[in-house]
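The structure under discussion appears below in the form of structure tokens.
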Amino acid sequence: PLLLDVRTAEEFKAGHIPEAVNIPVDDLRKRLHELPQEREIATYCQVGQRGYLATRVLLQHGRQAVNLSGGYMTYQMWAE
């Protein structure tokens, strides 16, 4: 799946999952056109709430989407 980091640009710069695309959740609706229609999208944020909201937005717009439970903090625990 396409990894979609929905945190702020500042949070993304401070660290992110490799190959992730950054579109903050507050900008997602107006930037949907930047995301592929045919590819599943895995959203994440710092711990999960914004990722969940982004997943709901994507599903409402007919996209295949899942939320990476635990967000970037969980990823960091496993990546170290």
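Couple of notes before you dig in:
- Restricting the range 25-51 to residues that are touching a strand residue (DSSP E or B) at 6+ places or on another chain (Cβ under 9 Å) and surrounded by fewer than 17 Cβ atoms within 10 Å (Cβ to Cβ), the residue that is nearest to Gln76 (Cα to Cα) is Glu40.
- Residues satisfying the stated conditions in the range 5-15, i.e. open to solvent by 80 Å² or more (accessible area, probe 1.4 Å) and either under 15 Å from Ala65 (Cα atoms) or of a type in the set (Gly, Ala, Ser) (or both): Ala14
- From the list Glu11, Glu38, the one residue that fits, being assigned to a loop (DSSP other than H, G, I, E, B), over 10 Å from the mean Cα position of the chain (by Cα) and among the acidic types (Asp, Glu), is Glu38.
- Some residue of the range 16-24 being aliphatic (A, V, I, L, M), surrounded by 13 or more Cβ atoms within 10 Å (Cβ to Cβ) and part of a helix (DSSP H, G or I): no
- Residue match in the range 66-75 (condition: out of contact with any His (no Cβ under 8 Å at 6 or more places or on another chain), assigned to a strand (DSSP E or B) and either surrounded by 12 or more Cβ atoms within 10 Å (Cβ to Cβ) or at pLDDT 95 or above (or both)): yes
The values are calculated or read from the model by the stated rules, or taken from the named source; none is laboratory data. Here the structure is a predicted model, which means the values were calculated and not measured. For neighbour counting, all protein chains shown are included, and Cβ atoms are generated from backbone atoms with ideal geometry for every residue, glycine included. For the accessible areas, the whole protein counts, side chains as well, though only heavy atoms, and no ligand, DNA or RNA atoms are used. Shrake-Rupley method; radii C 1.70, N 1.55, O 1.52, S 1.80 Å.
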